[in-house]
Amino acid sequence: MSNYIMDLRAVVGHRPLLQVGASVIVVDSENRILLQLRSDNHCWGYAGGSVELDEVVEDAAKRELFEETGLIAEDLELFGVFSGKDTHFVYPNGDEVSNVDIVYVCRQYIGELKCQEEEVDALRFFGIDELPENISPPIRKALDKWIEQNR
């Protein structure tokens with residue numbers, strides 16, 4: 001969780017926050033996507049997290065990708081901005097957010113896969129037809145759009 005969000009949580013508790021996220025759908029040479037098994041809700045999702053104050057969104061996406069997966073994005077392509085009721089989420093600890101998720105696609109990356117210990121239980125590439133059923137709810141809208149465009 002970002003320092004900015006943690007600072008806000010100290011003041012507002014679990015009440016809903018508007019949260020701006022930067023996320024990355026990593027696609028390998030076989031058109032498979034990288035998903036991570038999240039430690040907090042035990043669902044699969046792509047790399048991403050909160051944008052810090054004054055941080056460039058693309059830099060936040062690259063930072064989150066590296067922190068969570070060990071991969072370094074060499075190129076990012078803006079995929080879309082996702083918001084609304086579909087991206088509203090209550091974390092297992094009770095923290096509530098209304099997400100505005102700025103999602104990028106990355107096909108050019110370097111590095112070795114490495115799970116961020118406190119947030120990620122597993123990393124795995126999945127083909128479009130073998131995606132797990134337990135997808136993290138706030139990313140479902142963006143992931144469905146990516147699948148639709150890449151079938």
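The values are calculated or read from the model by the stated rules, or taken from the named source; none is laboratory data. Treat the numbers as computed from the prediction; the structure is a model and nothing was measured. Using ideal geometry, Cβ is built from the backbone for each residue, glycine included, and neighbour counts are taken over all protein chains shown. These accessible areas exclude ligands, DNA and RNA; they are computed on the full protein's heavy atoms, side chains included. Shrake-Rupley method; radii C 1.70, N 1.55, O 1.52, S 1.80 Å.
For the reader, a short list of remarks on this structure follows.
- Principal axis extents of the Cα atoms in the stretch 20-151, from largest to smallest and rounded to whole angstrom, are 37, 34, 29.
- The chain: most fluctuating residue of ASN93, ASN41, ASN31 per GNM, C-alpha cutoff 10 Å: ASN93
- Placing a label point 7 Å from the Cα of ASN134 along the Cα-to-Cβ line, the residues of the stretch 30-62 whose backbone N sits under 20 Å from it are 33-48.
- Seen from a random direction on average, the alpha-carbon convex hull of the stretch 51-126 projects onto 6.2 square nanometres.
- Evaluated with a Cβ-only charge set (Lys, Arg +1; Asp, Glu -1), the chain carries a dipole of roughly 440 debye about its Cα centre, given to the nearest 20.
- Exposed loop positions in the chain were taken to be GluC sites (Glu not before Pro) whose DSSP state is not H, G, I, E or B and which have at most 13 other beta-carbon atoms within 10 angstrom. Between these positions, the longest stretch is 31-111.
- Farthest toward the positive end of the dipole of the chain, out of VAL12, GLY70, LEU34, is the Cα of VAL12, where the dipole comes from beta carbon charges about the Cα centre.
- Beta bridges by DSSP in the chain, antiparallel share as percent, to the nearest 5: 70
- Average accessible area per residue (Å²) across the stretch 79-151 - probe 1.4 Å, nucleic acids and ligands excluded: 58
- For the chain, the share of accessible area belonging to carbon and sulfur comes to 49 percent (1.4 Å probe, ligands and nucleic acids excluded).
- Virtual spin-label span in nm between TYR4 and LYS145, 7 Å along Cα→Cβ: 2.1
- Between helix 57-69 and the chain there is an angle of about 70 degrees, using the helix long axis and the longest principal axis of the Cα atoms.
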